Structures are given as C-alpha cells and as structure tokens.
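Undergrad: The following block contains the structure, expressed as structure tokens.
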Amino acid sequence: MGELPLDINIQEPRWDQSTFMGRARHFFTVTDPRNLLLSGAQLEASRNIVQNYRAGVVSPGLTEDQLWRAKYVYDSAFHPDTGEKVVLIGRMSAQVPMNMTITGCMLTFYRQTPTVVFWQWVNQSFNAVVNYSNRSGDAPITVRQLGTAYVSATTGAVATALGLKSLTKHLPPLVSRFVPFAAVAAANCINIPLMRQRELQVGIPVTDEAGQRLGHSVAAAKQGIFQVVVSRICMAIPAMAIPPVIMDTLEKKDFLKRRPWLGAPLQVGLVGFCLVFATPLCCALFPQRRKISPELTTASPPLFAEEAWP
C-alpha cells in the first residue's frame, strides 16, 4: 500500500455539500454522541494526525478513512479558529444527549410554574454555552452580547411559557404539553439574532470560487440567520411534538398509572430517539455555502457566502 497522497481536501466536509444527503451524512458524523466517550489521548492523537497532514506529514500506514475519522474527531472537540478544546457540553457531539435531557424534563415538568421557569432557564443556559463554544473567529461574541442574548432569550422563553400556560388552563391537557415548544421557538427567534448581531451589522465574508475572501454581505447574513432560526425550530418540532402525543396516550394506561416514576425517563428516551435523527437532518436543510448576487455585497463576482453551523 502506497503512502496517502497530500491532495485530500480536509478543509471541506467529506461528502458533497450541494446535496441534502451529502450534508446529512456530514452532520450525522459531526453530531455523533459517541465522540463524547473518546479519551483525551484519543483526541490529541486525532489532532496530531490532522495537523501533521496539513503540514505535509503523513503518518505511516495512514488510510484515507482513518484520516477522515481523525478530521471529524478533531472537529468534534476543538474550535476551528482558535484550536482550543471546547468544553464538553458545548461540543456538537453533546447536542443530542444534552438536549434530550433538558427537553425531556421541560416536557415532563410543565405543570408547575417553578419547574417551568427552572427548565427554561437551564435550556437557555445550555444554549449560551453552545453559542459561545461555537463562536466564529470572524465575528467573536463579546461578554456583553452573550449576556444580552442570554437574558433576553431566557426572559422571552419564560414569559412565553408562563403566558401560554395561563391561557391553556381550561383547554385539554394535551394542548398544555405543547407550551414548552412554543417557548423554545420564541427563544430561538430572540437568541440567535442577538447572538449574531455583529454579522447583521457588518455582514458575513464572501469569497470567490477559490475561497479567496473578497468582501462582506449583510444581506447574506440576514438570510443565513433566518435559515438558522428555521432549522433550530424544525429541529425542535419532532422532539417536542411527537413525545407529548405518545405520553398523553400512555399516561392514561394502567401501566404508567401504577408506575408514574417511569414517566420522566420514558419521555427523555422518546425525545432522544427523535433528536438522534432530527438534529443532523435539520442541520442539513440548508447548504452552508451558496452563491450570492454581487450587488448584495461589497465585492465583485463570482461570489459565495459561507454560513456558520446552524
């Protein structure tokens, strides 16, 4: 077996990102929760493989599959711009286990005001950690921006949850189960634009076909942020719409009536099953790099705008 060539472009995803299936395969790999189980030594080994390859050094016996595996392990734990190791719960591979726990609890403990406030606060605190951990090097998040987005999103989520909760007192119990979803959707509409307000002010980078940066575009930033909001809300729909219907049916059965303590773990499990598929598939809804009209930028054609992970 010959030595691995140095012309493999590991700066880009392995699969064709112009197709939905290519993007889906990419995000299934990025969000794989099994990466959380990797040891520090395994993460460092993957980083060394990637950095050596970029420097023109190929580890003896390295295959292309091993190179791509190392690249995705590296991307799952280290910030792409700073190279710093991301805190565990802020990694993309933590999205499913963290969200299934938080969302499952929001859907389980939706009846009492204190628990509604607590779990909405926990959810927005987790979102703040994720947003900070995956911040862009081109548009870094300041402490003030992070604090403003955090407080605004938390306030919006809690106000929405409590307001809808009071309106659904006299409606069927199933309707009340969807209040957490409405609160999460409202918070996403507040949190994401605030967290990325600098992009709305100065735009996101645009490049030519070779990747050479040519300018910025505010229009591309607006479109990209809108798509991020849509993908985040779509990501929450299966996990926050399907389990409530199932649980509303199961809680009427004698099995759960005799074992009410099974309600929370069962709901968390249902949410987790939905998120395993919803997270990568909704991340793949929109391409991360697309053509843009030159009059909407500060550069000359042909132009491409690159969107951050949703």
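The values are calculated or read from the model by the stated rules, or taken from the named source; none is laboratory data. None of the values given here were measured: they were computed from a predicted structure. Methodologically, a virtual Cβ is constructed for each residue, glycine included, from the backbone with ideal geometry; neighbour enumeration extends over all protein chains shown. For accessibility, only protein heavy atoms count, side chains too; no ligands or nucleic acids. Shrake-Rupley method; radii C 1.70, N 1.55, O 1.52, S 1.80 Å.
Undergrad: Pick out, from segment 137-248, the helices (runs of 4 or more DSSP H) lying fully within it that include 2 or more residues that are touching a Phe, Trp or Tyr at 6+ places or on another chain (Cβ under 9 Å) and either closer than 20 Å to F118 by Cβ or of a type in the set (G, A, S) (or both). Show your work before the answer.
TA: Values: elements: 143-167, 173-176, 179-195, 197-202.
Those helices (runs of 4 or more DSSP H) span 143-167, 179-195.
Undergrad: V58: open to solvent by less than 60 Å² (accessible area, probe 1.4 Å) and under 24 Å from the mean Cα position of the chain (by Cα), yes or no? Quick ask: steps written out before the conclusion?
TA: On the way: open to solvent by less than 60 Å² (accessible area, probe 1.4 Å): yes; under 24 Å from the mean Cα position of the chain (by Cα): no.
Answer is no for this residue.
Undergrad: Take W15 and decide whether it is surrounded by 13 or more Cβ atoms within 10 Å (Cβ to Cβ) and outside any helix (DSSP H, G or I). Don't jump to the end; show me each part of the working.
TA: Working: surrounded by 13 or more Cβ atoms within 10 Å (Cβ to Cβ): yes; outside any helix (DSSP H, G or I): yes.
The answer is yes for W15.
Undergrad: Filter segment 72-125 for residues that are small (G, A, S) and under 22 Å from V276 (Cα atoms) and give the result.
TA: S76, A77, G90, S93, A94, G104, S125 - these are the residues of segment 72-125 that are small (G, A, S) and under 22 Å from V276 (Cα atoms).
Residue-wise test of (1) modelled with pLDDT under 85; (2) of a type outside the set (A, V, I, L, M); (3) closer than 23 Å to V130 by Cα.
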{"residue": "Q201", "(1), (2), (3)": "yes, yes, yes"}
{"residue": "S217", "(1), (2), (3)": "yes, yes, no"}
{"residue": "A278", "(1), (2), (3)": "no, no, yes"}
{"residue": "S293", "(1), (2), (3)": "yes, yes, no"}
{"residue": "T298", "(1), (2), (3)": "yes, yes, no"}
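Undergrad: Now, a different point. Which of (1) open to solvent by less than 50 Å² (accessible area, probe 1.4 Å); (2) among the charged types (D, E, K, R); (3) modelled with pLDDT of 80 or more is the odd one out, the single condition K222 does not satisfy?
TA: Among (1) open to solvent by less than 50 Å² (accessible area, probe 1.4 Å); (2) among the charged types (D, E, K, R); (3) modelled with pLDDT of 80 or more, K222 violates only (1).
Undergrad: Could you list, in sequence order, all residues of segment 22-44 that are among the aliphatic types (A, V, I, L, M) and free of Cβ contacts under 8 Å to residues at least 24 places away in the same chain?
TA: L37, A41
Undergrad: So, one more: Any idea which of R69, R111, R91 is open to solvent by 40 Å² or more (accessible area, probe 1.4 Å) and either free of Cβ contacts under 8 Å to residues at least 40 places away in the same chain or within 14 Å of the chain's Cα centre (by Cα) (or both)?
TA: R69
Undergrad: Return the residues of segment 255-278 that are closer than 18 Å to T115 by Cα and touching a helix residue (DSSP H, G or I) at 6+ places or on another chain (Cβ under 7 Å); say none if nothing qualifies.
TA: Of everything in segment 255-278, those that are closer than 18 Å to T115 by Cα and touching a helix residue (DSSP H, G or I) at 6+ places or on another chain (Cβ under 7 Å) turn out to be G263, A264, Q267, V268.
Undergrad: How many residues, within segment 181-191, are among the β-branched types (V, I, T) and without any contact (Cβ under 8 Å) to a residue 60 or more places away in the chain?
TA: 1
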